[in-house]
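What follows draws every value from the coordinates through simple rules; no lab data is involved. Note that the structure is predicted; figures quoted are calculated from it, not measured. Positions of Cβ are generated from backbone atoms using ideal geometry, with glycine treated the same way; all protein chains shown enter the neighbour counts.
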């Protein structure tokens, strides 16, 4: 049962945060037990945007189900699609053309940039700085325009399909991406001047929401959340897929384990993504963008698991096939779900205002958690 | 540990393990009664150190349920999949939420969607569904004429 808001027998105050609250970034409902202003317990209540995507996928074909997955983590829709496409390709045992591999990685990294930009704006807004939000959205708009040209959509792209990508790159793609890199390099410095070095911002972030490396692993945290605690967990490095193994980039980690460490990890990751895009943008191989596949895909009987690194952490797709045209069972291991489970542990003992900062650095996307 | 070494090690650890062949990762099938002891061994046994439980799920096979645990080690980077067959009429298994904290949420999800009962779980309640919800949505025989659209 959901605990009623009010005062408990011990004299603690129980308050509801959400499901309609701007700082929960969606329909997340937290029941918070407070002693004065100090948090004693945070209990997330989920399901406000639960669509049972896993059940839906059981009646969709291997070509169709990928479209639904764009609606989970809508800020990493390319990467979600990528994970699903990889899993189906694993089952079909097909190799995709080199051009498709490079296009996929380029799109993944652009998505990661767009996602981190939005996170940065929202994060600053959560702790009281409204202006960065508009800066972030201005830059993100450029990426959305690039996506729109090639994929035909700005948010739910559905661009990666089993066998490669849906369509070839737009002729303007290379030119516009290069323009964007130059433009955004300068803006990143501006981001640092505007927020990173700010004294008020630092005091809100440093020493808040500590997560030890042991807890991060035990709670199943991944992505920048775990890397902020010094846990190496980047799937792109540990289990390279597509062309990640041939690229020069660093896995960004920090040792602080607090909100500021997680913040710095994401800021550095944006620079790494820029570097990955730069390495690839002039080296897109010529050729096909899609491997030849049958119109109706049938996966052999068995189990297939693929892992990709989204902007939030490890995204896993687990398909159990009975040999038919639809999956028998499909499970999505979403990064946000596990990251959220550590929230109570991180927030205890902090002030109510800090909870918003901690949630901001977890970078929660609610449809990704609820699925 | 590579696949072979892991297999040999597991054979000493378990009474009668059966391995699934042809899988990407070492896959072992055990009984529900063994699970808690085995889980502790896997978590802290020397050379095993499976500290990261990255995926927990249930599968409805119409005749029985299977719990699937995907484990890896951040120290040794080896992988293991543990499968446990459960009775479909009375699906019960010991919780591992005290060993891997992430299991608390994942087990609640499996309870909510499949009705698998995790004994010893600190807070076993509905997670996505409302408290009053009847039935277990991800079971194969689940019917809901109001909320479900059949394709």
* Shielding of B:106-118 by partner chains, average beta-carbon count, 10 Å -> 1
* Asked: In peptide A:310-316, how many Cβ atoms from other protein chains are near each Cβ within 10 Å, on average?
  -> 1
* Angle, helix A:173-191 long axis vs. longest principal axis of chain A, Cα atoms, 0 to 90°, nearest 10? -> 20
* To do: With r as the distance between the Cβ atoms of residue A:59 and residue A:295 and R0 = 22 Å, compute the FRET efficiency 1/(1 + (r/R0)^6) and round to 0.05.
  => 0.75
* To do: Evaluate the relative contact order of chain A (contact order divided by residue number), counting alpha-carbon pairs under 8 angstrom at least 6 apart; express in whole percent.
  => 26
* Structure fact -> For chain A (alpha-carbon point model, no solvent) the Debye-based log₁₀ I(q)/I(0) at q = 0.06, 0.10 Å⁻¹ works out to -0.23, -0.63
* Asked: Add -39500 (n - 2.57) for each DSSP H run of 4 or more in chain B, then divide by its residues: what number comes out at 222 nm, to the nearest 500 deg cm²/dmol?
  -> -6500 deg cm²/dmol
* Once label points are set 7 Å from the Cα along Cα→Cβ at both residue B:5 and residue A:232, what is their separation, rounded to one decimal in nm? -> 1.7
* Under a point spin-label approximation (7 Å from Cα along Cα-to-Cβ), what is the residue B:85-residue B:20 distance to one decimal in nm? -> 1.3
* Based on DSSP, what percent of beta bridges with both residues in segment B:1-116 are antiparallel, to the nearest 5? -> 85
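Work out how much length residue A:199 to residue A:95 would gain on full extension: take 0.36 nm times their residue separation and subtract the Cα-Cα distance, in nm to one decimal.
This chain segment gains 32.3 nm when fully extended.
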* Asked: Just from its helices, what would the mean residue ellipticity at 222 nm be for chain A, if runs of 4 or more DSSP H residues each count -39500 (n - 2.57) and the sum is divided by every residue, rounded to the nearest 500 deg cm²/dmol?
  -> -14000 deg cm²/dmol
* Helix B:3-13 versus the longest principal axis of chain B: what angle, 0 to 90°, nearest 10, using Cα atoms? -> 80
* **Relative contact order for chain B, counting Cα pairs under 8 Å that sit 6 or more residues apart, in percent** => 17
* Inter-label distance for residue B:44 and residue A:9, nm, one decimal - labels placed 7 Å from Cα along Cα-to-Cβ -> 3.4
* Asked: Can you give the average number of partner chain beta-carbon atoms within 10 Å of each beta-carbon in peptide B:52-62, as a whole number?
  -> 6
* Structure fact -> Measuring from the longest principal axis of the C-alpha atoms of chain B, the long axis of helix B:35-44 (C-alpha) lies at a number of degrees, nearest 10, equal to 50
